[in-house]
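Quick notes on the structure that follows.
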Amino acid sequence: MDQGTSGLGDRLPPRSRLGWWVFVLLLGAAVAYVVGSFVGIVVLGLFGYYATRPICVRLRSVTDSRRLAATLTALSVLVPILLLFVAVGLRLFQAVQRQFEGGEYVGTLIARITGVDALSAEQREQLVSLLSNPSSILDAGGSVWSNVGSALTALQGVVGGLFLLGLATTLAYYLLANDADVSETVTELIGGRDSTAYAYAIAVDADLESVFFGNLLFVVASAILATATYAATNLVAPPGLQVPMVLVAGFLTGLASLIPVVVGKIVYIPIVASLGFQAVSTDQGQGSLVFVGVVLVAYVLLLDVLPQSFLQPYLSGRRIDPIALLFAYLLGPILFGWYGFFLMPILFVLVLEAVRIVLPELLSGEPLRPEATVAEHIGTDPEEARAERDEFQGDESEPDSDLTPGSESAPEPESDRDPDPNES
């Protein structure tokens, strides 16, 4: 009996170690609660980090400074993109509300995706009025101070959104400036570079960079191409025919290009239909209808065939088939709101790499191995990702600043006092 009790006691952790485990688990629960409460900021920050990390790496090789490269990346890429998201989202909500008054389902979907549904109905109405006519704050009846108060009330939600974007940008900047330290810490915690956990983590890391950076390049290229195409249409269109909201339409076409097969059809086909309706309603003859037909052919070639055949193979993520991400991009915003567009691809990559690297051995009862044993053609090979990481860290390694260029190594410091030969 004493022997069994003694053996069980040897297997149990010491009391101090058990106390630390309880404390760490409580801290983990607190962190999980905070991340869950601000999941939008976290996923948007992760998107900003992975989508701009290759740009920051290039700048880092030029500036030789992590913080300077991260600052330049945030100011030149992250901030303009986020401001464009805000401007287009508000303009789109304004246009939908004006065009589909009483369109409850369309307005609700747009408001949920853009985040404007956080405002009350009165605040949304005041915000739309202020955006469409900023001088209305002075033209409306009542005192100036009461109008200013109404405007400030309407802008509370916008300020909250800008605060969220600012925190997400700050998180992305922190990761860009300190990713090497974070990576080293995580590597030590999960058991070193030869562990299965490290193979899983490095595969997820490479996949997320491939997805977000490749998709960012593809969206930007498609949006620029679509905006130029719509603007050119307005330049050569007959009188009475015009593409509405060229910048918003081009931006939405770029986002729609992420969806395989669909590409920009959900945007440019309604635009062509609108041009056809304008041509029929203005009664300008067959010439306008012929122009609409030419525009449709041009849009199919420039906004459909060209992106899928030439842009996507070179710019979009090459490690994961875009069709595999189709449901993530479609269902994410519907399930979670605006941040679902970034959260669902992250969840997809986490599940994909767990299935490829961990699940087969767990099901078969075999020892875990740091390699992908199924679906090897999808996702990142951990060995290749480890080799790329080693090459990158080798290129980034700098000589110790305490050593002069010609010296071999710094001498070890001598003891403060000579050892006593009589001391044992």
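The values are calculated or read from the model by the stated rules, or taken from the named source; none is laboratory data. A quick note: this is a predicted structure, and the numbers were derived from the prediction, not measured. All Cβ positions, even for glycine, are placed from backbone atoms using ideal geometry, and neighbour counts span all protein chains on display.
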Exclusive hit being within 22 Å of Q286 (Cβ to Cβ), part of a loop (DSSP other than H, G, I, E, B) and over 28 Å from the mean Cα position of the chain (by Cα), set L235, L241: L241
Here are some conditions: (1) at pLDDT 80 or above; (2) surrounded by fewer than 10 Cβ atoms within 10 Å (Cβ to Cβ); (3) part of a helix (DSSP H, G or I). L352 meets all but one. Which one does it not meet? (2)
Looking at A203, A226, A180, A249, which is the one that is among the small types (G, A, S) and within 30 Å of L359 (Cβ to Cβ)? A203
Among residues of segment 205-227, those that are buried (at least 23 other Cβ atoms within 10 Å of the Cβ) and charged (D, E, K, R), counted: 1
Give the residues of segment 244-285 that are in a helix (DSSP H, G or I) and under 22 Å from the mean Cα position of the chain (by Cα), sorted by residue number. L247, V248, A249, G250, F251, L252, T253, G254, L255, A256
Could you identify the single residue in D179, D194 that is touching a residue at least 60 places away in the same chain (Cβ under 8 Å), among the acidic types (D, E) and assigned to a helix (DSSP H, G or I)? D179
Out of all the residues in segment 24-52, which are surrounded by fewer than 23 Cβ atoms within 10 Å (Cβ to Cβ) and either of a type in the set (S, T, Y) or farther than 20 Å from W338 by Cα (or both)? V24, L25, L26, L27, G28, A29, A30, V31, A32, Y33, S37
Over segment 257-303, the set of residues crowded, with 19+ Cβ neighbours inside 10 Å and either charged (D, E, K, R) or touching a residue at least 60 places away in the same chain (Cβ under 8 Å) (or both) is L258, V295, Y299, L303
Residues being small (G, A, S) and surrounded by fewer than 22 Cβ atoms within 10 Å (Cβ to Cβ) - total across segment 167-181: 2
